[in-house]
Amino acid sequence: MDILWRPGAPYAAFSLVVTLLFDVWSAQGLEMLVGKIPFLEAVNGSTVMLPCSYASCIGIENLYFNWQFNDNGTMTKVCEAEIASEEVEPPVKIFRDRVEFVGKNHKNNVSILLWNITFEDAGQYTCYGRNPKEKGRNHSAIFTLIVVDELRVVDNTLTIIIASAVGGAIAFLIGFMLLKNFTLFVLAKLEEKNKECLVTSSGIDNTENGVSGSKADSKPTPKKK
């Protein structure tokens, strides 16, 4: 009789631990970063920087990196180097004219400059890295360069109109509130003055209507002798 072996609880727990460890290792793995905005629009003839940096939670050792340009479907190397360890300036090989490495490995920076760009320089540039310390883990990021004759002028008319309308509405509300408070203040002062006038005139009326007359200074009747 054949005995069938079925994975039990220990095997399932072991698989879960391996999966979690793999996930943690992946999260700490090498990353190549080109910034939050992975593209740039620049004028023909200008000088631009293609940004790239690497990140690794467990550090690097002989990190290999390169920049590649997608030339109509063919990937051509722009530059490459190997970084022995953190904060070590790598010897960079340049394979293209008008290219300068500016990273110097400061703060994990592997950016490059393109001098006097032309329309032929437009396209996708890939920043690639491989870290032997992470068992050869590699990662890449794409940065797109757009070359134009002149930068487009952004029409801010609508923005100005909206800002003016909002500012006018706020100014109107502030003016209305100030006028309202001033009016209430004047009315309160007038009401207070009216009350004082009423009290004063009430006292005068009482004096003229008998209070003094009832106690008139009359001379006593002389007695007959």
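On each of the three principal axes of the Cα atoms of segment 46-152, give max minus min coordinate, whole Å, ordered largest first.
Result, largest extent first: 44, 26, 25 Å.
Could you compute how much accessible surface LEU33 exposes when probed at 1.4 Å, giving the result in Å² to the nearest 10?
About 70 Å², rounded to the nearest 10.
Find the eigenvalues of the gyration tensor of the Cα atoms of segment 106-176, then list the square roots of 5 times those eigenvalues as equivalent ellipsoid semi-axes, largest first, in whole angstrom.
47, 22, 10
The values are calculated or read from the model by the stated rules, or taken from the named source; none is laboratory data. Bear in mind the structure is a predicted one, so any value in this text is a computation, not a measurement. The accessibility values were calculated without ligands, DNA or RNA, using every heavy atom of the protein model including side chains. Shrake-Rupley method; radii C 1.70, N 1.55, O 1.52, S 1.80 Å.
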